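S.K.: Structure in structure tokens, see below.
Here, each number is a calculation from the coordinates, and none is a lab measurement. These figures come from a predicted structure and were not determined experimentally. Here Cβ is always computed from backbone atoms with ideal geometry, including for glycine, and neighbour counts include all displayed protein chains.
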Amino acid sequence: MGAATNIEQRETMNIVIVGHVDHGKSTLVGRLLADTGVLGDGKMEKVQTTCRRQGKAFEYAFLLDALEAEQQQGITIDAARVFFRTDSRDYIIIDAPGHIEFLKNMVTGAARAQAAVLLIDAKEGVRENSRRHGYLLSMLGIRQVAVVVNKMDLVDYDRDVFLRIEEEYRAFLAEVGITPSHFIPISARDGEFVASRGKTMDWYDGATVLDAVDSFAKLPSRVDAALRMPVQDVYRFNARGDERRIVAGRIEAGRLKVGERVIFSPSNKTSTTKSIEAFSAPVTTAAAAGSSVGLTLTEELFIERGEVMSHLDAEPLVGTRLRVNVFWLGRRPMTMDKRYKLKLGTAQVEVRIDKILRVLDASDLDATTEKSQVDRHDVAELIVATRNPIAFDLAETNESTGRFVIVDEYDIAGGGIVRDLVQDADHQLRLESRIRDIAWVRGDITNANRAEVAGHPASMVTLTGAAGVGKHAIACVLERVLVGSGHHAYLLDGKNVFLGVDADLALDDRAGLVRRFGEVAHLFLDSGTLVVSTTNVIGLGDHRTLQTLIAPFKMLIVHVGPEAEGLPDGADLRFDPGCDPEAAARRIASVLAERGRLRQG
Amino acid sequence: MNQLDALEEQSVYILREAYRHFEELCMLWSIGKDSTVMLWLARKAFFGHVPFPLVHIDTSFKVPSMIEYRDRLARDWGLTMVVGQNRDALAEGMNCDKGRLVCCRALKTDALRHTLDGSWPRQRMGEDGEYHLDENPQAFTGVIVGARADEEGSRSKERYFSPRDTNSDWDVADQPPELWNQFKTDFAPGTHVRIHPLLDWTEINVWEYIQRENIPIIDIYFDKGAGTRYRSLGCECCTGTVDSTARSTQEIIVELRATNVPERAGRAQDQADTYAMEKLRREGYM
């Protein structure tokens, strides 16, 4: 009775078992279960009976390969999870498939693990997937690896065979940055050096598999790292009189306290934490890495999913070009011309390959640089470009915000880690506007207050196109329509900024002209205005820069140009030169309304 | 952070991902301990609210106190209850004497499939606490299910977010990868995604959590003097009790630590065929 009064605090660890197909992974796990007495009563007998009925010899692997299809084919299809305990802790053993066809399942299994046991068949030696799995473990961030040389019975327990494999595979693992904790010769079928030492290999005096697994260290907690909380959602339920506006997310690294100043990236909005909300739990004023929390803030900000909350002195990186290592599992190759979805933390952005640096065959690490696409099961080093700026870290400094998956159509088709930020043209401006936003002096009125009074948020419409196509006429009608329907709207013509604010600038100082126009627009937006702008000074290519300067305010880009030229990259709408300005303005207003940027009703 | 904390944090994260990504979202509530723990976790995730409907498939053969308990909790916690049933099969006299798998398939699998896709009428609890015909039966695209990997073999192959095709079928051999808490949240029209927040929990974790959180679990899990109790809930005809004198959550935990009898030993349909559960699950059984 007494034992249950306090809930026992046992440690749990996820371990993955990987290796080439038929090298005996499932047999090893089945043996571990049988030898440590964790099987439910009747499970062993049930599997033995099934084997007899189907006229085949019992194998320990059948204990795991519980699915019908697997028993018929004799290979593991998916990563089965097996619960298991030793004197020191509880384990979830993930038995990952070794067949190349099921690499995505191996990755799924291994990504959940804190440590790995990698099997090599003594008779077959190091094979293609022995190497591929080793490489993937390294990319998945698994550093604790015990290598087990199985089926020693098939090579007469020969020490030289074992040493040759150890030498070859250690050299390979060193190349991918893994130092194995153990190299163990075993026979899983006979239980030699699995749970007990056995008598067949006197020449080996190291650990058993069970010892090796028990010696894996619990991963260091990320509590002492810089605070990272990707915003998962913002709730306001309003049901049953609940007025709280709660920012929800999981703290991926660091600690958080009530009353601290925090910043959200990439929007650069700052606030102070007011409370940590919870249901049916004691009130707390602090939380740390691993917790899924809900916060209220002293200033109610418009924050969106995908932003990363941090402290002010240690923000994540923000950019649009990333140097990454990617592994590709999709049936269709990853190609240069296609747009994909990148999911990093809670952010989702459109992404494309900007440059293929090199493509590797993960099974031998020979670089093939001339490839123009990334095929299934390839590993590649790429530069990718996101459509909008994203907040992230380098994988080496902060794992959870430094890795991502790539979605092709409906399915996750690849994963990767961020190696570096590649500075784009706007990098410097982005840093400057972050400094500006943090230091920005405010009165008591927030943007949210202004939006509430005006009935609409501040945003910007920018008309682009060559001189004389009718941008100004559309802008005039749009301003009139918006003001007429009760909006705080203002026509900001580039020429007006040029005449006054820019009077001291040289005509060819494009960067200076764009920056000042952006800063002026930002002031109007900060005052709660819906800015309608036209300018001949700033081309379509500068709008990315403009967007950087006015972020997080939204911009709608309307291009006036011939149909033959199509909708330029980054533009939301296009009209023909000389089109009816009334119709164009109405269309623009309806798009603004759809996107929630106008007054309701 | 102890093990129960870690399990809770992960389940909460999964529930919030589901709520964010699936507009037509529901949670299957079987009234058993697992899905009741899951319901409690939803209240944790959403700060006391449960912002999606709970779906119960009523085979009409459930232990009667289960229905009573369901409706009482729904009223007390302000839940949106949706109930589905295979009325045609029941009208034609379907029961487990026609064959256990035949009966499970009709009253559970078929009823679930058609309740989820909105093609059969379903009952919804109104403001008045009574059931009325659901006027606007939408197809659910995200279905939260309390399956645990340790229950039986086929469940250990599930992802946290597992796709089901247009026929609710599960293609076990070809599931997309799932890593680093990035889940399958994009899906083709006509398909849906099963979401499993309890995948990593064991039976004993569930009881430990019930004890820690003081969750009001249905009392037929406890012995009331006869020396028997239910360990797994289902239809009255196909669910046996186990010999046990455990009268409290704490006593159940002590008992589970000592036993080697599998949890579903009392569930007759599992014994009907070696691959019974996998067959049922491929077809959409939960």
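S.K.: Among bridges DSSP assigns within the protein assembly as shown, what percent are antiparallel (round to 5)? Before the final figure, lay out each step's value.
M.R.: Values: 92 of 145 bridges.
That works out to approximately 65 percent antiparallel.
S.K.: How do B:3-9, B:207-213 rank on mean C-beta neighbours within 10 Å, highest first?
M.R.: Values: B:3-9: 18.7, B:207-213: 20.3.
Sorting B:3-9, B:207-213 by mean packing, highest first, produces B:207-213, B:3-9.
S.K.: Can I ask one more? Tell me the mean residue ellipticity at 222 nm calculated for chain A from its helices only (DSSP H runs of n ≥ 4, each -39500 (n - 2.57), averaged over every residue, nearest 500).
M.R.: On the way: 15 runs with 157 residues, N = 601.
The helix contribution divided over chain A gives -8000 deg cm²/dmol.
S.K.: Compute the distribution of all C-alpha to C-alpha distances in the range A:317-428, in bins of 5 Å from 0, and list the percent of pairs in each, rounded to whole numbers.
M.R.: Spelled out bin by bin, the range A:317-428 gives 2, 13, 25, 26, 19, 11, 3, 0, 0 percent.
S.K.: Would you compute, from DSSP H runs of 4+ residues alone, the mean residue ellipticity of chain B at 222 nm, taking -39500 (n - 2.57) per run and dividing by the full residue count, rounded to the nearest 500?
M.R.: -9500 deg cm²/dmol
S.K.: How large is the translational diffusion coefficient of the range A:462-581 in µm² per second when you combine the Kirkwood radius over alpha carbon pairs with Stokes-Einstein at 4 °C and 1.567 mPa s? Write out the running numbers ahead of the final one.
M.R.: Working: Rh = 14.7 Å.
Reported coefficient: 88 µm²/s.
S.K.: Same structure again: Provide, in order from the shortest bin, the percent of all Cα-Cα pairs of the range A:201-305 in each 10 Å bin, continuing until the bin that contains the maximum pair distance.
M.R.: 13, 38, 21, 10, 9, 6, 3, 0
S.K.: Normalise the Cα radius of gyration of the range A:417-511 by 2.2 N^0.38 Å (N = residues in it) and let me know the number.
M.R.: Normalised Cα radius of gyration, the range A:417-511: 1.46.
S.K.: Sticking with this structure for a sec: Charges only on Cβ, +1 for Lys and Arg, -1 for Asp and Glu: so what's the dipole of the protein assembly as shown about the Cα centre, in debye to the nearest 20?
M.R.: On the way: 109 positive and 131 negative charges, 231 e Å.
That gives the protein assembly as shown a dipole magnitude of about 1100 debye.
S.K.: Separate question: How much net charge surrounds A:Arg574 when only other residues with a Cβ under 9 Å from its Cβ are counted (Lys, Arg +1; Asp, Glu -1)? Each step should come with its number before you reach the end.
M.R.: Values: positive: none; negative: A:Glu563, A:Glu565, A:Asp572, A:Asp576.
Result for the neighbourhood of A:Arg574: -4.
S.K.: Plugging the Kirkwood radius over Cα pairs into Stokes-Einstein for chain B, at a temperature of 25 °C and a viscosity of 0.890 mPa s, what D comes out in µm²/s?
M.R.: 127
S.K.: Expressed as cubic angstrom per residue, what is the convex hull volume of the alpha carbon set of the range A:524-583?
M.R.: Numbers: hull volume 6.2 nm³, N = 60.
It is 104 Å³ per residue.
S.K.: Quick one: divide the alpha-carbon radius of gyration of the range B:1-103 by 2.2 N^0.38 Å and tell me what you get.
M.R.: On the way: Rg = 16.3 Å, N = 103, 2.2 N^0.38 = 12.8 Å.
Here the Cα radius of gyration is 1.27 times the empirical estimate.
S.K.: Calculate one ³J(HN,Hα) per residue across the range B:99-106 by plugging θ = phi - 60° into the Karplus curve 6.51 cos²θ - 1.76 cosθ + 1.60, and present them in order as whole Hz with x for glycine and proline.
M.R.: With the stated coefficients, the range B:99-106 comes to x, 5, 5, 4, 5, 4, 4, 6 Hz.
S.K.: Then there is this: List the lysines whose Cα lies under 22 Å from the Cα of B:Lys33, skipping any in the same chain that are fewer than 8 positions away.
M.R.: Counting by Cα, and skipping residues close in sequence, B:Lys33 has these lysines nearby: B:Lys44, B:Lys62, B:Lys108, B:Lys157, B:Lys224.
S.K.: Suppose each label sits 7 Å from its Cα in the direction of the beta carbon; what would the B:Ala226-A:Arg442 distance come out to in nanometres?
M.R.: About 6.4 nm, to one decimal.
S.K.: Now, a different point. Going down the table (A:Lys269/A:Lys554; A:Lys104/A:Lys338; A:Lys123/A:Lys151; A:Lys343/B:Lys184; A:Lys25/A:Lys56; A:Lys269/A:Lys341), which pairs top 18 Å between alpha carbons?
M.R.: On the way: A:Lys269/A:Lys554 14 Å; A:Lys104/A:Lys338 22 Å; A:Lys123/A:Lys151 7 Å; A:Lys343/B:Lys184 11 Å; A:Lys25/A:Lys56 20 Å; A:Lys269/A:Lys341 25 Å.
Going by Cα-Cα distance, A:Lys104/A:Lys338; A:Lys25/A:Lys56; A:Lys269/A:Lys341 fall outside the 18 Å limit.
S.K.: Taking the Cα atoms of the protein assembly as shown, report the difference between the largest and smallest coordinate on each principal axis, in whole Å and largest first.
M.R.: 90, 74, 51
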